[in-house]
Every structure is written in structure tokens, then in C-alpha cells.
1. If the cut-off is a Cα-Cα distance under 23 Å, which lysines reach Lys210, setting aside same-chain residues fewer than 8 apart in sequence?
2. On a straight-distance basis, which lysines could pair with Lys45 in a cross-link, Cα separation under 25 angstrom, same-chain partners fewer than 8 positions away excluded?
3. Give me the distance between the Cα centres of region 252-274 and region 135-179, rounded to whole Å.
4. When ranked by the protection proxy of mean other Cβ atoms within 10 Å per residue, highest first, what sequence do the peptides 203-210, 244-251 form?
5. Leu129: net charge of surrounding residues, Cβ under 14 Å, Lys/Arg +1, Asp/Glu -1, itself excluded?
6. Roughly speaking, what is the centre-to-centre gap between region 184-220 and region 5-59 when only Cα atoms are used, to the nearest Å?
7. Projected onto the charge dipole of the chain (+1 at Lys/Arg Cβ, -1 at Asp/Glu Cβ, origin at the Cα centre), which of Ala115, Thr249, Gln235 gives the Cα projection farthest towards the positive end?
8. Helix 2-16 sits at what angle to the longest principal axis of the chain, using alpha carbons and giving 0 to 90 degrees rounded to 10?
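We did not get these values from a lab; they are worked out from the coordinates using the rules stated. What you are looking at is a predicted structure, and each value in this text was computed from that prediction instead of being measured. Neighbour counts run over all protein chains shown; Cβ positions are idealised from the backbone, glycine included.
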Amino acid sequence: MNAFNRITSALFDLVLDLPPGDQHAWFDLIVWPVLGGIVALLVYKYTSNQAGITRAKSQIKMRLVEIRLFSHDIGMVVMATGHILWNNGKYLGLNIVPMLFMFVPIMSMLVQLEARYAFDPMPVGHETLLELQLDAEHCDVPVTAVTLELPTGISQQGPPVRTPDGQAYWRLRTEAPGDWVLKVHVGDTVVEKGLAVGGEPRKVPIMRTKSLDALLYPGEAGLPGDSPVYDLRVQYIERELAYLPDGETGILLLFFVLSLVAGFALKDVFGVVL
């Protein structure tokens, strides 16, 4: 997971730092979904059975006409309906392989856009929560023994809250701008967590985890499999995007709407049967 995130982050950081996207978020959030739609079309064209898809769609259309023409014959209607269901199943089956092939490039685009534009760095003087979940299978240290070491730009507000199921919460306050490193001590193990405060909008470290969710948050490396910590996360503020939907859900919806519109609009240009 970490290797994949490093590679995709290096590629996208290089491209997304170019003008005009480096100054105008709307440019990347519109252009990249359209490019995603084009990439999906090309992947679909060269990994799908276009002839089989065409035949399945033709059979469905033909059987629909048959139902209309022989609507008075219940036997013909039942047989035509059976053929429609069969060919619809074939059509769906023929879409599985291209969907698998396009999943990686499309999700990579979406994840990188969300990592860069869904959240802002913490404002100075803001309070947030650091949340920790211990890994029950790899941790023999009780949660009461877990401690937090803070850098000079971050302060702790009150004592931590710990639960019997291995969770711990610290309320933190940002005192100075910077890309700070928090250190959680679990026995002899130290687990670091980044915290971005102030400055220009940039990719912020939301969560470190040993689960597959690490692929969705490339702002920092995932946790190793033998870590006593299962995940460690900070609550950030969603970035406000003028004239565009905000946050992870907004970017997700915008991406899929624009990519679908681009795909259907350009399918004949690229000679793709969907």
C-alpha cells in the first residue's frame, strides 16, 4: 500500500503542482474528472468484448420489439422476457472485466484529488481531536499506558479520554503554523502522526492506518502490519471550494458526475459501445 501511494502521489503531485491548477482548485476538479471519463472509455474499449456487448444489446432491443408486437400472446411475451433477462445478464458479465481494469486509474485520480482539495490545514488557534485505536492482536500494552508527546506548536487541552476497548482521544490546540509531528508512545514503540497547521492549501495527513483505508489517505504512510496501533487520525476542517461542492463527498459526486457525462458525450468520438 505504501509503495502504491508513494508512486501515485509522486506522479500526481508533479502534475497537480503545475499551473493553472496550482492556483485554481476548480481547474483540477473539472479537468481531471473529464480526463477520467476519457481514460475510462479507452480502458473499456480495449479490455471489453465490444462485439459481444453489441450482440447482447441488439438481442435486448429485438426482444423488446417482440414483446410489443406479440403482446396478445402470453407465451411469446414470457419467452421474450426470458431472453431479455438472459442477455441482460450476459451484458452485465461482459462489463466486469473492463470495470476491474479501470478501477485502479480512476480511483487513483479520485483519491489524489480528495487528498489535495477535500481538507484545509488546521487554522492557528483551532482545537481538534487526535483519535487512536490500538490493535488488539499486536498490542500487550494497556491503553492507560499510551502517552502522547507534542511538538512546540501544539498543546493539549485537558487529560486524554481512554476506553476499555483500546481507544484514546486527545483534544489538541494549534498554537503555531507548520507541519508538526505528534509522537504516540505505546510501550517501547513510537508511532508518529503528522499535523498540518496554517500556510497554503496542501495535501494534509488525515489518517495513518494498517487497514486498506490507507489507500484512500495518501497524505502520509500507512502503519506497518506489526504496529501496536491500528489507526491514528486527526479531524480536519473541510476546504471551502467556491461554486463547487465541498469535502470528500462533494468531490466524489462531482468526479463521478463529470466523468460519466464526459464518457457518454465522447463515446461515439472514440468509437466505444457501452
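1. Counting by Cα, and skipping residues close in sequence, Lys210 has these lysines nearby: Lys183, Lys193.
2. Lys57, Lys61, Lys90, Lys267
3. Taking the Cα centre of each part, region 252-274 and region 135-179 sit 45 Å apart.
4. Working: 203-210: 22.5, 244-251: 16.2.
Descending packing order for the listed peptides: 203-210, 244-251.
5. Values: positive: Arg162, Arg171, Arg173, Lys193, Arg233; negative: Glu127, Glu131, Asp231.
Overall, the nearby charge balance is +2.
6. Going from one Cα centre to the other spans 27 Å.
7. Thr249
8. 80 degrees
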